[in-house]
Amino acid sequence: MANTTLHDRALIRLSGEDVRGFLQGLVTNDTAGNLPVWAALLTAQGKALFDFLIWGDEDDVLIDCERDAAPDLAKRLTLYRLRRAITIAPEPGLSVHWAPMGDLGVVDPRLSDLGQRWLAPADEGEGADAAWRAHRLALGVTEGRAELGDGTTLWLECNAAELYGVSFTKGCYVGQENTARMNWRQKVNRRLVVVPIAAADEKRQVIAYPDLGLSVEHRRVESIDPAGAPGWMREGLTAGS
């Protein structure tokens, strides 16, 4: 299958001493079980700094992240590494691939309708970035700093629970206290939602995609119509009400 490469994605390889254990104490999801998983690195207040998918590669771990965010993410992980014998470096030999259907790779861990994802050398051609963005946003799924904010949006407001981006049982990680409290109290007051640009609220808009006719917005839950929300989000909209 040609033109499956997501050129806007990059891979960071972590190798060395217990890399899964290192990430387990930092990121929102459980790295001790089956991979890939969707996860984030948060501020101490539980706001999203970086989101990514985590893949296993024998004893190593590969982080599938935004290409533009990769240097900042690697730098942040290096700060947390301290004296651990762990190498954190770009993985230029592999690329992230996507297809809306088929049997290559694995089903996206966030939502099966997102399609298939795998790691391999890059394909030639224009790539699949535009098709991936259109497909993802049509399903109401947000990702990346331009949509999630850069340390401005609480992780559960990014629909992390509904899209399997957080574990509430694995133990402590950066930002865990506030995230767990919000979940226990069922107090997610705002959410990121994708709406037709004709219905956009500029005061709540995070980013607009005029070419797709869509707007990503950070809206209060009571202003989101469950009937117009994607099916995977509806239960979360009514939780605690």
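The values are calculated or read from the model by the stated rules, or taken from the named source; none is laboratory data. Just so you know, these numbers come straight off a predicted model, no measurement behind them. Note that we place each Cβ from the backbone using ideal geometry, even for glycine, and neighbour counts take in every protein chain shown. Heads up: the accessible areas ignore ligands, DNA and RNA and are worked out on the full protein's heavy atoms, side chains in. Shrake-Rupley method; radii C 1.70, N 1.55, O 1.52, S 1.80 Å.
When residues in the range 4-25 are screened for being surrounded by fewer than 18 Cβ atoms within 10 Å (Cβ to Cβ) and assigned to a loop (DSSP other than H, G, I, E, B), 5 of them pass. Selection of first residues in the range 217-241 that are in contact (Cβ under 8 Å) with a residue 24 or more places away in the chain and of second residues that are of a type in the set (D, E, K, R) and open to solvent by less than 20 Å² (accessible area, probe 1.4 Å), restricted to Cβ pairs under 8 Å at least 6 apart or on distinct chains, gives the following pairs, ordered by first then second residue: His218/Glu157; His218/Arg191; Arg219/Arg191; Val221/Arg191; Ile224/Arg191; Met233/Arg191; Gly236/Arg191; Leu237/Arg191.
Is the range 214-223 home to any residue that is farther than 21 Å from Lys47 by Cα, touching a Leu at 6+ places or on another chain (Cβ under 6 Å) and at pLDDT 95 or above? The answer is yes; a qualifying residue exists. The residue that is nearest to the chain's Cα centre (by Cα), among those in the range 158-198 that are under 14 Å from Ala39 (Cα atoms) and assigned to a helix (DSSP H, G or I), is Cys158.
When Leu192, Leu214, Leu154 are checked against the criterion of being open to solvent by less than 20 Å² (accessible area, probe 1.4 Å) and in contact with a strand residue (DSSP E or B) (Cβ under 9 Å, 6 or more places away or on another chain), Leu192 stands alone in meeting it. Selection of the range 106-126 for residues being among the aliphatic types (A, V, I, L, M) and over 15 Å from the mean Cα position of the chain (by Cα) yields Val106, Leu119, Ala120, Ala122.
Contact map, the range 48-76: residues that are modelled with pLDDT of 95 or more and outside any strand (DSSP E or B) paired with residues that are open to solvent by 70 Å² or more (accessible area, probe 1.4 Å) and hydroxyl-bearing (Ser, Thr, Tyr), Cβ distance under 8 Å, separation 6+ or inter-chain. No pairs are found. Screening the range 64-111 for residues that are hydroxyl-bearing (Ser, Thr, Tyr) and more than 23 Å from Ala48 (Cβ to Cβ) and picking the one that is most open to solvent (accessible area, probe 1.4 Å) gives Thr87. The condition of being outside any loop (DSSP other than H, G, I, E, B), modelled with pLDDT under 95 and not charged (D, E, K, R) holds for only one of Ala208, Ala227, that being Ala227.
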